[in-house]
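Peer 1: One structure, pasted below without further comment.
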Amino acid sequence: MAQQLVVDPKKCKACRTCELACSFGHHDEFNPRLACVTVFNFEEDAITVPVMCMQCEEPACAAVCPTGALSINADGVVSHNADKCLVCKLCVSACPLGNISFSPATKKVFKCDLCEGDPMCAKFCPTGAISVMDPATAPAKKKEAADKIKSTVEEA
Amino acid sequence: MTVGNGWTGTLLRVNLTDGTIIREALNMKDANDYVGARGLGTKYYCNEVDPKIDPLSAENKLIFMTGPCTGTLASSAGRYEVVSKSPLTGAIGAANSGGHFGPELKYAGYDGIIFEGKAEKPCYLYINDDVVELRCAKDLWGKNVHEATDMLNAECGEDFRVATIAPSGENGVLFAGIMNDKNRAAGRGGMGAVMGSKNLKAVVVRGTGSVKVARPEGFLKEVANARKMLIEHPVCGEGLAAFGTEILVNIINEVGGLPVNNGRDGASYDKAYDISGENLAEKHLLKNQGCFGCTIACGRVTKVKPDESEFYGFGEGPEYEAGWSFGSDCGINDIAAVLKANWICNEEGMDPITMGATIACAMELFEMGAIPESDIGFPLRFGDAEAMVKCVRMTADAQGFGKILGQGSYRLADKYGHPELSMSVKKQEMPAYDGRAIQGIALEYATSNRGGCHVRGYMISPEVLGLPIKTDPLVTEGKGALLKTFQDLTALCDSTGICLFTTFALGLPELAGQYREAVDSDESDEEILLKGERIWNLEKRFNMEAGVEKDTLPPRLLREELPSGPAKGKVAELQTMLADYYEVRGWSKEGEPTSEKLKELELQDISF
Amino acid sequence: MQVKFFATYISVVGQRVIDIPAPSSVLDLLTYLSQKYPEFSTTKKLLTDDGLDMRDDVICMVNGRHIIHMGGVNCPLTDRDVVAITPQMAGG
């Protein structure tokens, strides 16, 4: 079942729990620099934005990869196969959103893999700033709008 | 316990006099016995420093210490502690702070830093994983917290975390704090002045390493449970996020415990709503904010626009304490002025509790004619918001009367012949709860190891808020035993690296559970709580050797009856509660740990 | 009799204070409020499910004293009393 992470910056409180949960989920240790999600705090504007791989339909990273180590799997995830990976890092340059990274510590390329269906970041985010959605279903916003229209129609 | 389980296993020892930097192995026995952060920092300090030392001398040491949970996914686990002898009180001083600095130190590979000696010229400590060096701070000296932080980020890199002092610390303001991540404070007791006395401006750190726990699967289970409890709790999951700690203003006022005009005019304020969290949220709150890994997110990001008030600006806070100290304690209900005063304290690294309470003391002294106007330069009366903000500014700038304010209310009141009007204990100002209306907090003020402090034995919780049990604020019965539990549990929590605010929702089992899985312990909850008691008694022993005054309260609390409100006619019935408290603690009638108690806590061989 | 509301309860009522004839007890007051302001009986319940007691996560004071020290929800009320009702809260 295809899934997507949805980010609502207005709900983000800059706590970086997502970074911790992500690194722990993948590596059993706490290291925000190994996380696939990074939180940016724009202090003066009082806005915080978590950024992670958006599982592009036309992934630039996969397009540039010389060995086919990056491809879209059956769940719609742009998946990284470490066995095929040369760590040439072309993908790191290619992603326009900076969402695929090279770790000097592990000497590997890493990106979000949606934790095989149960994303840690969404699970632990205390405010719902990061949540999981199946893009095939009607997004919550549309349903909210429909509810509002329905009540207006009912009144009339 | 093995190294690498919660801990990195390495401490930095920095000698500022000769510039040497040593990496030494963390003392794992002490780490086990004293948990971390506050407890472990205090143990190291007690091992190495003479209690009679002058806090602002080169012989004093300054210790930064994280906890084993700091930097992990444990609930709200971004805390670290700064420990030294306090120049304000002469007692053991330790200040706890949040933000993101503590975790970054762990990621760089260090559990803590011990600073010794004094640098010849202003410097800062640069930590970038393995690279640790002292650098010249010539251009930073004299800059406030925000300026210095921006300059350091520009010079070292945007992803460095910064802990710095402001000119207040450089100039020896006795309540100067150390600020990290710009607006988070290791605030009370003058740790910033100790740092400044060493010509140490800042510590910057960047870490790309990891923190590991001993039992990852068990840890994740404990953590998930704790976080769920926090999110579902009405206070930790909703109330604090929406209104911040200033939510307390109305309820503390309702029980008649919000001190007005330095406590001179009782503790019921008719304009309390104006300085409340509700009013703040409505008028000036942009959003709430969380520290590292925190579900509670009680931080306030606030703004006052130029067309709203002369006291315009932007920043973080205020907390309940600042809302009171610059608000009702000074007879002021102008919330913009309160915000402004608090922002100056953040930017200038000063403890807002002591700052506001010192100004309030000065106001009382002025109104009774004890301070001539010529000493101040302008009239200083209760209710004068402009004068109050001016005083904060003058203290930050060490200008004129500001130099006297910078010594705290006790030395100010003593200078003008009325030390009894300093609302302080052991020379540190009591915070925002009147001990006459809330008996248990009066006992905490009198007995707290770092002087007038509420947070280390937060009796407000049971006596006013009804958490975890509901007790009557007007009675003295049972307060001794209850306070001991709060003090020991707080000492434990402060030492894990987990934020104290989690304890509104979590109890000993949840704190101990996360700690156990992190450090590979099979100790029971009670055995772990005992470590908190050990820490409390160690602090007490230090204070005894340092010659700190005995446990008491200002005459106002002991003898001036509250004039109005639900606690009308009450004074703080300290003697009854003290006797009860000493007994429960296993101390002598004079309030000193007995040899049996020290043996029980394995403190019998501690010498200073 | 004045009834003050704090924190999230203010938006339930729409005002910080209301002035009403005193019900005979705190329980009667809470029952009245639960009926008059729907959120007090749904998302921000004041009463236990059986309607006989106040929920643990609600604080109620009469003249600055917690009702628990004054007979709980049976605490009598008069027109001269000042009641304050707030959700559980905390700070530091």
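The values are calculated or read from the model by the stated rules, or taken from the named source; none is laboratory data. Quick caveat, the model's predicted, so the values are computed rather than measured. Please note: Cβ atoms are built from the backbone with ideal geometry, for glycine as well, and neighbour counts cover all protein chains shown. Note: areas computed on protein heavy atoms with side chains; ligands, DNA, RNA excluded. Shrake-Rupley method; radii C 1.70, N 1.55, O 1.52, S 1.80 Å.
Peer 1: Does C:Gln15 count as out of contact with any helix residue (DSSP H, G or I) (no Cβ under 7 Å at 6 or more places or on another chain), touching a residue at least 40 places away in the same chain (Cβ under 8 Å) and more than 10 Å from every other protein chain (Cβ to nearest Cβ)?
Peer 2: No, not satisfied.
Peer 1: Follow-up. Assuming C:Leu30 fulfils every condition listed in (1) closer than 26 Å to B:Met459 by Cα; (2) in contact (Cβ under 8 Å) with a residue 40 or more places away in the chain; (3) not polar (S, T, N, Q) apart from one, which condition is it?
Peer 2: In the conditions (1) closer than 26 Å to B:Met459 by Cα; (2) in contact (Cβ under 8 Å) with a residue 40 or more places away in the chain; (3) not polar (S, T, N, Q), C:Leu30 misses (1) alone.
Peer 1: For segment B:222-252, enumerate the residues that are away from chain C (no Cβ under 14 Å) and touching a residue at least 24 places away in the same chain (Cβ under 8 Å).
Peer 2: B:Glu222, B:Val223, B:Asn225, B:Ala226, B:Arg227, B:Ile231
Peer 1: Okay, next question. Can you find even one residue in segment A:42-49 that is open to solvent by less than 30 Å² (accessible area, probe 1.4 Å), part of a loop (DSSP other than H, G, I, E, B), modelled with pLDDT under 95 and over 16 Å from A:Phe110 (Cβ atoms)?
Peer 2: Checking segment A:42-49: at least one residue is open to solvent by less than 30 Å² (accessible area, probe 1.4 Å), part of a loop (DSSP other than H, G, I, E, B), modelled with pLDDT under 95 and over 16 Å from A:Phe110 (Cβ atoms).
Peer 1: Another question, then. Taking B:Gly313 and the conditions (1) away from chain A (no Cβ under 14 Å); (2) open to solvent by 10 Å² or more (accessible area, probe 1.4 Å); (3) in contact (Cβ under 8 Å) with a residue 12 or more places away in the chain, which numbered condition does it fall short on, given that it satisfies the others?
Peer 2: Among (1) away from chain A (no Cβ under 14 Å); (2) open to solvent by 10 Å² or more (accessible area, probe 1.4 Å); (3) in contact (Cβ under 8 Å) with a residue 12 or more places away in the chain, the lone unmet condition for B:Gly313 is (1).
Peer 1: Within segment B:62-88, which residues are in a loop (DSSP other than H, G, I, E, B) and open to solvent by 10 Å² or more (accessible area, probe 1.4 Å)?
Peer 2: Within segment B:62-88, B:Arg79, B:Pro87 meet the criteria.
Peer 1: Being surrounded by 18 or more Cβ atoms within 10 Å (Cβ to Cβ) and in a helix (DSSP H, G or I) is the filter here, so list the residues in segment A:61-89 that pass it.
Peer 2: Result: A:Cys61, A:Ala62.
Here's the yes/no breakdown for (1) crowded, with 23+ Cβ neighbours inside 10 Å; (2) touching a strand residue (DSSP E or B) at 6+ places or on another chain (Cβ under 9 Å):
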position	(1), (2)
B:Asp18	no, no
B:Tyr34	yes, no
B:Gly90	no, no
B:Gly109	no, yes
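Peer 1: Take segment A:14-37 and flag every residue that is modelled with pLDDT under 95, under 16 Å from B:Arg161 (Cβ atoms) and open to solvent by 20 Å² or more (accessible area, probe 1.4 Å).
Peer 2: Selection gives A:Arg33 alone.
Peer 1: Which members of segment A:90-102 meet the condition of being of a type in the set (Ser, Thr, Tyr) and surrounded by 15 or more Cβ atoms within 10 Å (Cβ to Cβ)?
Peer 2: Across segment A:90-102, the qualifying residue is only A:Ser101.
Peer 1: If you don't mind, another one. If I filter segment B:192-204 for residues that are within 30 Å of A:Lys107 (Cα to Cα) and touching a strand residue (DSSP E or B) at 6+ places or on another chain (Cβ under 7 Å), do I get at least one hit?
Peer 2: Yes; the residues of segment B:192-204 include at least one that is within 30 Å of A:Lys107 (Cα to Cα) and touching a strand residue (DSSP E or B) at 6+ places or on another chain (Cβ under 7 Å).
Peer 1: Among the residues of segment A:47-58, are any facing another protein chain (nearest Cβ under 10 Å) and out of contact with any Leu (no Cβ under 9 Å at 6 or more places or on another chain)?
Peer 2: Yes, segment A:47-58 has at least one match.
Peer 1: Turning to a different aspect of this structure: If you check B:Lys143 against the conditions, is it part of a loop (DSSP other than H, G, I, E, B), open to solvent by 10 Å² or more (accessible area, probe 1.4 Å), in contact with a helix residue (DSSP H, G or I) (Cβ under 9 Å, 6 or more places away or on another chain) and away from chain A (no Cβ under 14 Å)?
Peer 2: Yes, satisfied.
Peer 1: Can you confirm whether B:Asp472 is part of a helix (DSSP H, G or I) and free of Cβ contacts under 8 Å to residues at least 12 places away in the same chain?
Peer 2: Spelling it out, it is not the case that B:Asp472 is part of a helix (DSSP H, G or I) and free of Cβ contacts under 8 Å to residues at least 12 places away in the same chain.
Peer 1: Does any residue of segment B:587-608 turn out to be touching a strand residue (DSSP E or B) at 6+ places or on another chain (Cβ under 8 Å), outside the structural domain of B:Pro55 (by TED's automatic domain parsing) and open to solvent by 30 Å² or more (accessible area, probe 1.4 Å)?
Peer 2: yes
Peer 1: Among the residues in segment B:333-343, are any open to solvent by less than 10 Å² (accessible area, probe 1.4 Å), assigned by TED's automatic domain parsing to the domain that holds B:Arg381 and among the basic types (Lys, Arg)?
Peer 2: no
Peer 1: Could you look through segment B:238-264, keep only residues that are surrounded by fewer than 24 Cβ atoms within 10 Å (Cβ to Cβ) and out of contact with any Phe, Trp or Tyr (no Cβ under 8 Å at 6 or more places or on another chain), and pick out the one that is nearest to C:Ala7 (Cα to Cα)?
Peer 2: Of everything passing the filter in segment B:238-264, B:Ala242 is nearest to C:Ala7 (Cα to Cα).
Peer 1: Taking segment B:545-578 only, how many residues are in contact (Cβ under 8 Å) with a residue 60 or more places away in the chain and in a helix (DSSP H, G or I)?
Peer 2: Total satisfying the criteria: 9.
Peer 1: Now a separate question. If a residue has to be open to solvent by less than 30 Å² (accessible area, probe 1.4 Å), assigned to a helix (DSSP H, G or I) and without any contact (Cβ under 8 Å) to a residue 60 or more places away in the chain to count, how many in segment B:483-507 make the cut?
Peer 2: Selection size over segment B:483-507: 4.
Peer 1: Which count do you get for residues in segment C:73-86 that are surrounded by fewer than 22 Cβ atoms within 10 Å (Cβ to Cβ) and within 12 Å of chain B (Cβ to nearest Cβ)?
Peer 2: Here the count works out to 2.
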